[in-house]
Ligand SMILES: [Zn+2]
C-alpha cells in the first residue's frame with residue numbers, strides 16, 4: 001500500500017497520499033512489526049522477560065489503535081456533520097496521528113483521458129458567468145509538488161441535460177464544498193480526471209459555487225506545471241503550459257476553449273526571492289504578507305495541514321483578476337527568473353522579459369521590444385482595436401515542449417531560441433522576431449476571440465501566421481533590410497504548406513476534431529502555413545480593404561467570446577457587401593471549398609490556334625476530389641526557334657468550380673472575366689520586345705505571335 005503513517009505534520013505540499021485504507025488493513029499492516037519490536041526491546045533491555053516485552057508492545061499497539069479509531073470517528077463526524085473541530089483538538093489529533101481520512105484520489109490518474117467535442121458542447125450550454133479564484137502553494141523541490149485552494153463560480157442552466165463535472169488530473173482532492181455545504185467525499189466520484197458534482201448539491205437556474213482543496217505534482221514534460229532546476233546554478237524555474245488540454249493537469253477547471261472565465265490568483269512561494277508572473281493585468285501585482293490570504297482559504301490550508309508547515313521565508317503574490325480566458329491560455333510562472341524591463345519611450349504597453357539567469361546575456365531585448373512595439377501598433381491598426389491588456393510579458397522557459405505559447409499577456413517561449421550573440425545570424429533573428437509577431441497576433445485572434453472547439457484551430461493559427469507575415473513584410477523588414485524579403489517569406493509558407501498538403505497525412509484546414517487527442521495532432525503545417533497561404537489568397541481575391549474590415553468586424557463582434565468558421569465568413573460577407581457590393585462572389589461556397597477539403601488543385605493549360613485558353617483542374621494523390629473556383633494569374637512561357645523565351649502574363653483568370661474552364665483570349669472578349677474588386681488591373685508582361693505591355697488586343701497579338709513561333713512544346717507555369 002502507498003498509504004503510510006505520518007508522524008509529523010505534512011508541512012508544505014507533500015507527495016500525494018492515496019486514500020486511507022479501511023481500518024482492517026491497518027491492523028494487518030501493524031501485525032508485521034510486533035515480533036521485531038519485541039526483539040528490539042529485549043535487545044535494549046536484556047533483563048526484560050519475553051512475556052513482559054510482548055505485553056508492553058501489545059499495550060503500545062492497542063493504545064495506537066484506540067487513538068487512530070478515535071481520530072477516524074472524529075474526522076468522519078466532522079465531515080458528515082459539516083462542523084469543524086476546534087483548532088486545539090484538531091491540531092493535537094493531527095499532530096499525534098498525522099494522517100487525514102477525507103481525501104479522494106483518481107485511480108486513473110496516470111491514464112491519458114480524452115474529452116469529446118459533444119461533451120464540451122453540452123457543458124458550454126449549461127454554464128455561463130464563470131469565474132475562478134485560486135490560491136496556490138508552491139513546493140520548493142520537484143518532489144514537493146504543489147497544492148491549492150480552488151473556487152469556481154458559475155451560473156448553471158439545464159442541469160438535467162448532462163451530469164456536471166470539473167476536469168482535474170491531480171493527485172488528490174479534499175474539502176469539497178458545493179454552495180457552502182461541505183460534501184461527504186464518499187458520495188463524490190473522482191474518476192478518469194473528472195470530479196463529478198452530485199446534482200442534489202447544485203442549483204439549477206442559479207449561481208453556484210464549488211470550492212475544494214487539491215494537491216498535485218509538478219511535471220517535467222511541460223504539459224501542466226513544469227519544474228526545472230538549472231544544472232548550471234541550481235536555480236529553480238516553474239512555468240505552466242496548458243494547450244490544448246493540459247489546464248486540468250495544473251488545477252481543477254472546466255477545461256475547454258468555449259468556457260471562458262476570469263482567474264483571480266494568489267500564489268504562496270516558498271522563497272521570498274522568487275518572482276511570479278501571470279495573466280493578471282495591471283501593475284498592482286504586489287507581494288503581501290501571508291495575512292492577505294482569504295480566511296476561507298486559510299482555513300482550508302489549516303485543515304489540510306499545510307498552513308502550519310509554511311516556511312518562514314514564504315511570500316504571497318496577489319494578482320488582479322485576469323480577463324476572461326479560455327482554459328488553455330492561463331499562465332503562471334514562478335522562480336528565480338531575471339527580469340528585463342522595456343525602457344523604450346515609444347512603447348504604449350508595459351513590457352517585460354523573464355529569463356533564467358544563465359541565459360540572460362543571450363536575450364536580444366532591444367530587438368524584441370522594438371519588434372513587439374511595432375507589431376502592437378500594426379495590429380491595432382489592422383484590427384481597429386487597441387491592445388486589450390494592460391501589460392505584455394515574455395517568459396523564456398527551459399525544456400519547453402513547443403516554440404511558444406500565447407498565454408494572455410504572458411507569452412511563454414522556448415529558451416532554446418536564445419543562443420550566444422556571435423552564433424546568431426539574420427535568418428535566426430528573423431525567425432525569432434517572426435515567432436514574437438505570431439504570438440502577439442494571437443492577442444486578437446485566439447485570446448480576445450477564441451475558437452469554440454479545436455476544429456477551428458486555424459481561426460487562430462492561420463490568422464496569427466498570416467498577420468505575422470504581413471507585419472513582417474510590410475513593417476518590420478523596413479527597419480531590418482538584411483531580413484528576408486516579402487517574396488521569400490511567402491514562398492517559404494507556400495513551400496511548407498504545399499508539402500504538408502501533398503502527404504498522405506494531409507487534412508482540410510478546418511479539420512474535424514472528435515476529441516482532445518485529435519486536437520494535439522492538428523498543430524501542423526496545414527493549420528499554420530497552408531491556412532495562412534489561403535488567407536493570403538483571400539487577401540488577393542477580395543482585396544485588403546474588405547479583408548481588413550472583415551477581420552475588424554469579427555474582433556469587435558466576438559470580443560471575449562467564442563466563434564467559428566461560420567461566424568467569420570458572416571463578418572467577411574458583411575464587409576464585402578458594405579465595401580464592394582458589386583463583387584460577384586459567394587464567399588461561403590468559396591471558403592468551404594478551400595477550408596473543408598484537403599489538397600491543392602493542379603491546373604494544366606492548353607492554347608489552341610484560335611486563341612482559346614483551356615484550363616483543366618485535377619487533384620494530386622491523397623487530396624479530396626474537389627474542383628474549386630479560383631482566380632489566378634497565368635504565366636505562359638514560350639520558347640522560340642531562336643532559343644529565345646517569351647513570357648506573357650494573363651492576369652486574373654477565374655477558373656470555374658469544374659474540371660474545364662475555357663477563356664477566349666481573342667480581342668473581342670475580355671481575357672479576364674472575373675471579379676471587379678481588388679487585385680491589379682489587366683496587364684501583360686513580356687520577356688521580349690515583340691510582346692506588348694497592356695491592352696487585351698496586344699495581349700492576344702503577343703500570344704498568337706508567340707504560339708506561331710513556338711517550335712518545341714509550350715511550357716506553362718503558374
Ligand atoms: Zn500560434
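What follows draws every value from the coordinates through simple rules; no lab data is involved. Since we're looking at a predicted model, the values are computed, not measured. In this analysis, Cβ positions are derived from the backbone assuming ideal geometry, glycine residues included, and neighbour counts consider all displayed protein chains.
Quick notes on this one:
- Compared with the rule-of-thumb size 2.2 N^0.38 Å for a compact globular protein, segment 322-411 has a Cα radius of gyration ratio of 1.12.
- Between residue 200 and residue 618, the contour length at 0.36 nm per residue exceeds the Cα-Cα span by 144.5 nm.
- Segment 456-505 - Debye-derived log10 I(q)/I(0), Cα point model, q = 0.25, 0.29 Å⁻¹: -0.96, -1.08
- Over segment 394-524: Rg over Rh, Cα atoms, Kirkwood Rh: 0.97
- Counted residue by residue at 0.36 nm each, then reduced by the alpha carbon distance between them, the extension gain from residue 557 to residue 357 reaches 67.7 nm.
- Size check on segment 549-592: the Cα extents along the three principal axes, sorted descending, read 33, 22, 9 Å.
- Computed over the alpha carbons of segment 129-181, Rg followed by Dmax gives 14.2, 44 Å.
- Label-point separation in nm, residue 637 to residue 187, each point 7 Å along Cα→Cβ: 7.8 nm
- What the Cβ-Cβ distance of residue 424 and residue 487 gives, at R0 = 22 Å and to the nearest 0.05, is a FRET efficiency of 0.40.
- Segment 140-236 - Rg and Dmax from Cα coordinates, angstrom: 16.8, 56
- Distance in nm between pseudo-label sites at residue 54 and residue 402 (7 Å out along the Cβ direction from Cα): 6.7 nm
- Cβ-derived FRET efficiency at R0 51 Å, residue 377 paired with residue 122, nearest 0.05: 0.75
- Take the Cα of residue 162, go 7 Å toward its beta carbon, and the backbone nitrogen atoms of segment 433-464 under 17 Å from that spot belong to 452-456.
- Calculated on the Cα set of segment 232-378, radius of gyration then Dmax: 17.3, 52 Å.
- Taking 0.36 nm per residue of separation and subtracting the current Cα-Cα distance, fully stretching the chain between residue 291 and residue 129 would add 55.4 nm.
- Note on segment 415-473: semi-axes of the ellipsoid equivalent to its C-alpha gyration tensor, largest first and rounded to whole Å, are 27, 12, 8.
- Kirkwood-Stokes translational diffusion coefficient of segment 444-595, alpha-carbon pairs, 10 °C, 1.306 mPa s, µm²/s: 99 µm²/s
- Segment 169-225 - Kirkwood radius from inverse mean 1/r over Cα pairs (Å): 12.8 Å
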